[in-house]
Amino acid sequence: MNHYVGENVRDIHIIIGGPQGSGLETVMRLIARLSARLGYHFIADREYYSNIRGRHSYIHMRISVKPVKALSYPVDVLAFIDAESIFHHFQDIRKGGYLVFNTRLSNVELDTIKSIRKYTLERLKKELKSVGINGESVQDVVEWLKINLKVNVIGLDYDDLIRKVSSKGIPYPQASRLVSTIVASSVIFLIGFDVNEMKECIYEIFRGRPSAIKANILMIDEVINYLREILGKPLLTLDKPEIVYDEVLVVSGNEAVAMGKVVGGLRYQSYYPITPAADESFYMEGKEVLKVNGKVLGSVLVIQTEDEISAIASAIGAALAGARAATTTSGPGFSLMVESLGWAGIAEIPVVITYYQRGGPSTGMPTRGSQSDLLFSLFASHGEFPRIVIASGDHEEAFKDAVTALNLAEKYQVPVIHLLDKFIANSVASMPIPRIEELTIERGYIVREGDEPFKRFNLNYVISPRVLLGQGPITYHTGNEHDEYGQISEDPELRTKMYEKRMKKLEIMDQEIPEEERAILYGDSSGDLLIIGWGSVKGPATEALEILNRSNISASYLHIKYFMPFPTKRVVRIAGNFRKLAFVEHSYVVQIGMVTKMFTGIEPKHMIAKITGRPIYTNELVEALIQIYNKGVKKVVLTYGA
């Protein structure tokens, strides 16, 4: 072996691979929880096919001594449950890295793996040949890694470990399901984490399931004892954490949004199951009653409707009755919601649509990410009406933006579209517990008394007083153009007044919502290169700044959070202080460049696009930005990731 005992590092990058449904998410949650207990910072992305079980799935995770928001390649550790993962990821490991695999799979040939589709099979064969691997077995790849990359190979006989645990009173079928525990235990030992702390995490994760706890503890002991015999000490050691929070949350993006909504006073949430949005509502269903120190502060009614049309329609009804209301969906579902979105627009209904983007069009790639719905969110539904479109860039933003979206909807009486993407939704990260006492609830202009019939759309106001159904004078609501009382009217003069009344909300929002909140600058206010992006681009972009600055490229990142109202003046002012601009997005046409040009007149001359459905990684983004800065490349298309 070529391992270096006690190799100290500041970050550890890990890929754990196996079939969908083999327990990888449990491994991710276990390592995330353990990292947080020990004071380290964590982020992980879960990549998987849209099937229940069998296809290739993997977790890409990073543990660091400081807060992290992005992932990068190459990784330090590869740990695999199956044979297929080795063929997908053998080029992802750094020189001198560490490979954990099942020695029983050494003779498995690529051609014999039934879960690999034809096109992917041929691509993998080409990749093997391109690097000089003549055979197509697991052992051929392992030998190549040892010789060419000096990888430290740690082979374990998974079947033997399962038999040993089974011999200690665990039924074999149950023991055979502990393969993911073998992988997790191996990784924990390699990186030098406290095994007793790992066991505490097992007790927490499987609380109330004593047989599962016993089986997992037995397997952990078997793996750790074996590795101590063959390796002696852990091979990697993380430096001490540089920033330690008193308390942290370890959550997915879906969970962060759900928590934010509950804290923000949400009382009604509707949904129809769709990936990757459904997990938010599933999580919320288990947290419908909000308690703090035993005191019930409120409850949320979560309803699964028969379709997305019913979902948004029922949320609109709840909002009319005075409940803070939201619905959640993804691209195909939002397509069905568009007509009702227009109804909310003309009737001035405060409703929130939490929109998790995925790969399209149509069904597209249900479990892969995208940002290609930006323009759709800005212009969805026919006609013109004001809306707010706000986008979150990480888990902390997702929590706070969920509260903000509810506030803005009611303050301005408009639909609010809260944009996220799959990379935030399905990634798990550690984050400091938000300071809830700093959050405010702003319900807007609500009255409970007045003349009948009530002028719900009073033209003396841009944002008229709102009456809650059943809690004040009678009001009328329609999807047609209407007069101040809500009665249908097509009078041309009244039409103009009502149209202008609604659209002037955009001017008020532009004046009242601070521009520095709508576009956040990371780095200096002038320099060589300005990266402009949004959503999950924030992580790799902010991380790229330090690397670029070390390469004598003074770079900053402008993070666009509001696309409507767009922070026009701030973007123009900042962009004018940089030599080059690079627009970055998960879409083919890089829609953020088009939107920026529409509102500011700035021509998007340099663009970086990724359309594979995989995250943007720091390493590939840095390479693309250097190409743009040094060579003036107009467009770079990123492709990294299995």
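Worth pointing out:
- Built amide H within the under 5 Å cut-off of Phe454, gap 5+: Ile474
- Computed about the Cα centre, the dipole magnitude for the chain is approximately 1040 debye when only Lys and Arg (+1) and Asp and Glu (-1) carry charge, each at its Cβ.
- Karplus-derived HN-Hα couplings along the range 158-163 (A = 6.51, B = -1.76, C = 1.60, θ = phi - 60°), whole Hz, x at Gly and Pro: 4, 5, 5, 4, 5, 5
- C-alpha center-to-center spacing [the range 170-247, the range 62-105] in angstrom: 18 Å
- Distance between the modelled labels on Ser554 and Arg163, one decimal in nanometres: 6.7 nm (7 Å Cα→Cβ projection).
- In the chain, a dipole from Cβ-located charges (positive for Lys and Arg, negative for Asp and Glu) runs towards its positive end, and of Val248, Leu161, Leu34 it is Leu161 whose Cα lies farthest in that direction.
- Mean residue ellipticity (222 nm) of the chain, computed from DSSP H runs ≥ 4 via -39,500 (n - 2.57), nearest 500: -12000 deg cm²/dmol
- Given their separation in residues at 0.36 nm each and the Cα-Cα distance between them, Glu442 and Val289 gain 53.0 nm when the chain is fully extended.
- Computed over the range 7-238, the P(r) curve from all C-alpha pair distances, binned at 10 Å from the origin, holds 7, 33, 38, 18, 3, 0 percent per bin.
- Extension gain (nm, one decimal) between Glu197 and Asn480, 0.36 nm per residue minus Cα-Cα: 95.7 nm
- Antiparallel DSSP beta bridges within the chain, as percent of all bridges there, nearest 5: 40 percent
- Each residue of the range 494-500 is assigned a 3J(HN,Hα), and the resulting list reads 5, 4, 4, 5, 5, 4, 5 Hz, derived from the Karplus form 6.51 cos²θ - 1.76 cosθ + 1.60 (θ = phi - 60°), x at Gly and Pro.
- Here Lys605 is the anchor, and the lysines within straight C-alpha reach of less than 18 Å, apart from those fewer than 8 places off in the same chain, are Lys580, Lys597, Lys631, Lys634, Lys635.
- Between 0 and 90 degrees, the angle of helix 395-412 with respect to the longest Cα principal axis of the chain falls at about 10 degrees.
Read-outs throughout are calculated quantities, based only on the coordinates presented, and are distinct from any laboratory measurement. Just so it is clear, the structure is predicted and the values come from calculations on it, not from any experiment. Please note: Cβ atoms are built from the backbone with ideal geometry, for glycine as well, and neighbour counts cover all protein chains shown.
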